[in-house]
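Rule-based calculations on the coordinates, nothing more; no lab input. Remember, predicted model here, so these are calculated numbers, not experimental data. Using ideal geometry, Cβ is built from the backbone for each residue, glycine included, and neighbour counts are taken over all protein chains shown.
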Amino acid sequence: MNFLIRDDDLNYFSSLDDIRRWYEDIFALNIPVNFATVPLVKPLSDVYPKNLAPEDKEYSIGLNKKLVSYIKNNPLIEIMQHGCHHETRGGIFEYSRKKGLISQTLRGKEELEKVFVREIKVFVAPHDRISNHGLKALEKAGLDIIKAKGCKNFIFSPRGIKNYSKMLSHRFKFISQKRFPAYPYVLDFGGHKQAYSYRLRGDNLDELKRGLKYSINKKGNFIITAHLHNFSQKRKEDLLELIKIAQEKKVNFIFASELFSK
């Protein structure tokens with residue numbers, strides 16, 4: 001059984017002090033943290049809005065030299081791609097768009113690989129929302145994806161239909177429950193693979209513990225999503241409690257790329 005920590009929205013404006021504050025004791029336990037990183041954040045991004053001008057100016061994560069140096073020298077951090085600009089325009093999330101995402105995805109991946117001098121293998125969509133066109137863009141870039149609780153995209157292909165049926169069957173098992181567990185296994189769609197996660201909110205520890213128990217019983221994956229910019233002491237305490245349970249069950253704490261390497 002695998003346990004994975006995913007933290008979203010790392011970008012140029014992120015604070016190195018926040019990483020140290022919330023994660024250094026977790027690194028001391030030899031547990032990896034996987035940061036979904038915005039390659040080229042813009043002032044109009046819905047991550048760390050700064051009201052800067054001009055609104056289309058891009059701030060590469062690479063410009064935050066101290067942050068990049070720390071990450072490059074920390075063997076317990078893996079970088080995942082988190083969109084390109086993390087913008088919402090006209091009420092449409094960046095990767096909910098139906099065109100223009102192929103070149104944008106490739107550009108964002110190239111920027112991250114140039115900055116961190118490592119191959120980027122895993123993608124996380126801003127707001128966990130992605131269109132079928134967005135999935136095609138990931139396939140062009142050779143990326144797999146970590147999503148929210150399950151697959152909501154219907155992909156008309158033999159594997160797509162088979163996997164969508166698995167997801168419906170999983171949901172049907174918990175039809176009487178308002179909160180159902182995330183699908184605990186990786187699904188292979190041919191051009192890309194998907195894994196599914198929970199969100200650390202600070203008010204849902206019981207739900208997360210049930211999900212962890214479910215994943216342990218199924219010998220599957222438990223992926224927990226945090227956000228560096230809105231971490232809190234309560235969320236940290238909840239995360240540590242989940243880690244303690246997982247340690248007692250001797251689970252594997254892994255990097256995101258390891259999910260998809262089999």
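Report the label-to-label distance for SER103 and PHE156 in nanometres (one decimal), using points 7 Å from each Cα along the Cα→Cβ vector.
Label at SER103, label at PHE156, 2.8 nm between them.
What does the extension gain come out to for PHE172 and ILE92, with contour length at 0.36 nm per residue minus their alpha carbon separation?
25.8 nm
How about segment 181-216: which trypsin sites (Lys or Arg not before Pro) there lie in a loop by DSSP and see at most 10 other Cβ atoms within 10 Å?
Within segment 181-216, no trypsin sites (Lys or Arg not before Pro) qualify (loop, at most 10 other Cβ atoms within 10 Å).
No solvent, one uniform scatterer per C-alpha: report log10 I(q)/I(0) for segment 35-116 via the Debye equation at q = 0.10 1/Å, two decimals.
Cα-only, vacuum Debye calculation for segment 35-116: -0.25.
Once you have all Cα-Cα distances for segment 126-172, histogram them in 10 Å bins from zero and send the whole-percent values.
Taking every Cα pair in segment 126-172, the percentages come to 24, 56, 19, 1.
Among DSSP beta bridges whose residues both lie in segment 2-259, state the antiparallel percentage, nearest 5.
Percent antiparallel among DSSP bridges in segment 2-259 is about 20.
Sorted from largest to smallest, which semi-axis lengths in Å does the alpha carbon gyration tensor of the chain give for its equivalent ellipsoid, taking the root of 5 times each eigenvalue?
Values for the chain, descending: 27, 24, 17 Å.
Take the Cα radius of gyration of segment 109-262 and divide it by 2.2 N^0.38 Å, with N its residue count; two decimals is plenty.
Expressed relative to 2.2 N^0.38 Å, the Cα Rg reads 1.08.
Defining a contact as two alpha carbons under 8 Å apart and six or more residues distant in sequence, what relative contact order in percent does segment 186-262 show?
With pairs under 8 Å counted, the relative contact order is 35 percent.
Looking at this model, which pairs from LYS98/LYS152; LYS109/LYS178; LYS166/LYS219; LYS72/LYS121; LYS193/LYS234 are more than 27 angstrom apart at the alpha-carbon?
Check vs 27 Å cut-off fails for LYS109/LYS178; LYS193/LYS234.
Within 10 Å of each candidate Cβ there may be at most 15 other Cβ atoms; applying that plus a DSSP loop requirement, which trypsin sites (Lys or Arg not before Pro) in segment 36-105 survive?
Those satisfying the criteria are LYS50, LYS57, LYS98, LYS99.
With N set to the number of residues, divide the alpha-carbon radius of gyration of segment 148-208 by 2.2 N^0.38 Å and report two decimals.
1.22
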